[in-house]
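Structure, as structure tokens:
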Amino acid sequence: MNKVAIIGAGRLGTHLGYALSTKDYHIISASCQSLSSAKKSIKIIGEGVPFTDNKRAAKNAEIIILCVPDDQIKDVVTELSSLSFQNKFVFHCSGLLSSQILDPLQKTGALTASIHPVQSFPKKGRRTDLFHHIYFGVEGMETAQKTARKMVKQLGGHSFMLQPDKKPLYHTACTLASNHFVVLLEMAGHLLRKTEIDKNLQNKILLPLVEGTLRNIEKNTLSGSLTGPVSRGDLETLKSNLKSLQKHPSILKIYKALSLQALNLADKEERLPKKKINRMRDLLE
């Protein structure tokens, strides 16, 4: 059974640690900046020793997984570089940084790769289903990639190969789809609250709409799922939407930018006459 150390047992690290513990992996340790946080993670995972010292946590593991924030990885690597990692696997879970940031550990014998789950993680818990059928971006040393892909498969996920120099663009795409999606919903909720709709109703109103859109995308294509005034060339409705946002300039700016992207998509699909496309573009620009 593979002995695993989780360095940075936050939301991702705790979920990952528990999910691996249900497979052919033994979680021997988990480290956090505070001992109380490490103890909480170990209690959830159900095995292992809590640490605040990353070196002690990693020392006896065969697989070390860094789940710390991107801006802490370099410091953790420097901290661990005094250890010997001969024939041990070291992974980090950043979607932004390449596995090259682990090069100092390669010099101690480590087999290194990055493995990024394309998923958002709630508070610490035991949600093994969060890894089912999702995709993991993998890049790094060939031997380490092989082990990473095996791990992904055991978790019920799928792996795909990433080019190290393309990771910033890849990460930006994930950020747009996930983090900024939340921001868009908050902006929509803000506008609903301005209509004096009860704040407690906003998610109940918006979530079925969002879920329906996601189902359409799953069954069709992105362009085929585009609806709204821009996609159907409804100039008067678009004008009304823009007018309603005059007292919300920051949202108006984003609405215009997104509408222009929707217009480009409609134009690419040749849904609308060029004359109507140009009139809407003039209005939005």
Listed candidates (i) 119; (ii) 159; (iii) 150 - label of the one calculated as volume of the Cα convex hull per residue in Å³ | (ii)
Per GNM of the chain with C-alpha springs under 10 angstrom, the most fluctuating residue out of 188, 30, 110 is 188
Hey, quick one: spin label on residue 282, modelled 7 Å out along Cα-Cβ, who in segment 231-247 has an amide N within reach, i.e. under 15 Å?
-> 235-236, 239
Karplus 3J(HN,Hα) series, Hz, for segment 16-33 with 6.51 cos²θ - 1.76 cosθ + 1.60 (x for Gly, Pro) | 5, x, 5, 4, 5, 5, 8, 10, 8, 9, 10, 7, 8, 6, 8, 10, 9, 5
A correct Karplus calculation of ³J(HN,Hα) over segment 123-130, with 6.51 cos²θ - 1.76 cosθ + 1.60, θ = phi - 60°, whole Hz and x for Gly and Pro, returns 4, 3, x, 10, 8, 5, 5, 4
Determine the distance separating the Cα centre of segment 234-285 from the Cα centre of segment 187-228; give it in Å without decimals.
-> 18 Å
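How much accessible area per residue does segment 1-153 have, in Å², with a 1.4 Å probe?
On the way: 7050 Å² over 153 residues.
For segment 1-153, the per-residue accessible area is 46 Å².
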Long-range amide H partners of residue 27, meaning residues 5 or more apart or on another chain whose placed amide H is closer than 5 Å, are 4
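Would you mind putting 88-100, 42-54, 201-213 in packing order, based on average other-beta-carbon counts within 10 Å, highest first? Before the final figure, lay out each step's value.
Working: 88-100: 21.9, 42-54: 18.6, 201-213: 12.3.
Packing proxy ranking, top to bottom: 88-100, 42-54, 201-213.
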Be a star and scan segment 242-285 for residues whose amide nitrogen sits under 16 Å from the point 7 Å along the Cα-to-Cβ vector of residue 197.
-> 244-245
Where nothing but the Cβ of Lys and Arg (+1) and of Asp and Glu (-1) is charged, how large is the charge dipole of the chain around its Cα centre, in debye to the nearest 20?
-> 520 debye
How high is the FRET efficiency from residue 185 to residue 78, r the C-beta distance, R0 35 Å, rounded to 0.05?
-> 0.35
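Mind checking the dipole of segment 168-285: about its Cα centre, +1 per Lys or Arg Cβ, -1 per Asp or Glu Cβ, Debye to the nearest 20?
Working: 19 positive and 12 negative charges, 68 e Å.
Charge dipole of segment 168-285: 320 debye, to the nearest 20.
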By the mean-Cβ-within-10 Å protection proxy, highest first, 155-163, 56-64 rank as 56-64, 155-163
Residue by residue through segment 194-201, the couplings from Karplus 6.51 cos²θ - 1.76 cosθ + 1.60 with θ = phi - 60°, in Hz, x for Gly and Pro, are 5, 8, 6, 6, 4, 4, 5, 8
Could you please report the charge total around residue 114, scoring K, R as +1 and D, E as -1 over all other residues with beta-carbon less than 9 angstrom from its beta-carbon?
-> 0
Name the residue farthest towards the positive end of the dipole of the chain from the options 117, 154, 205, assuming +1 on Cβ of Lys and Arg, -1 on Cβ of Asp and Glu, about the Cα centre.
-> 205
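The values are calculated or read from the model by the stated rules, or taken from the named source; none is laboratory data. This one's a predicted model, so the numbers in the text were calculated from it and none came from an experiment. Counting neighbours? That spans all protein chains shown, and the Cβs are built from the backbone with ideal geometry, glycine included. For the accessible areas, the whole protein counts, side chains as well, though only heavy atoms, and no ligand, DNA or RNA atoms are used. Shrake-Rupley method; radii C 1.70, N 1.55, O 1.52, S 1.80 Å.
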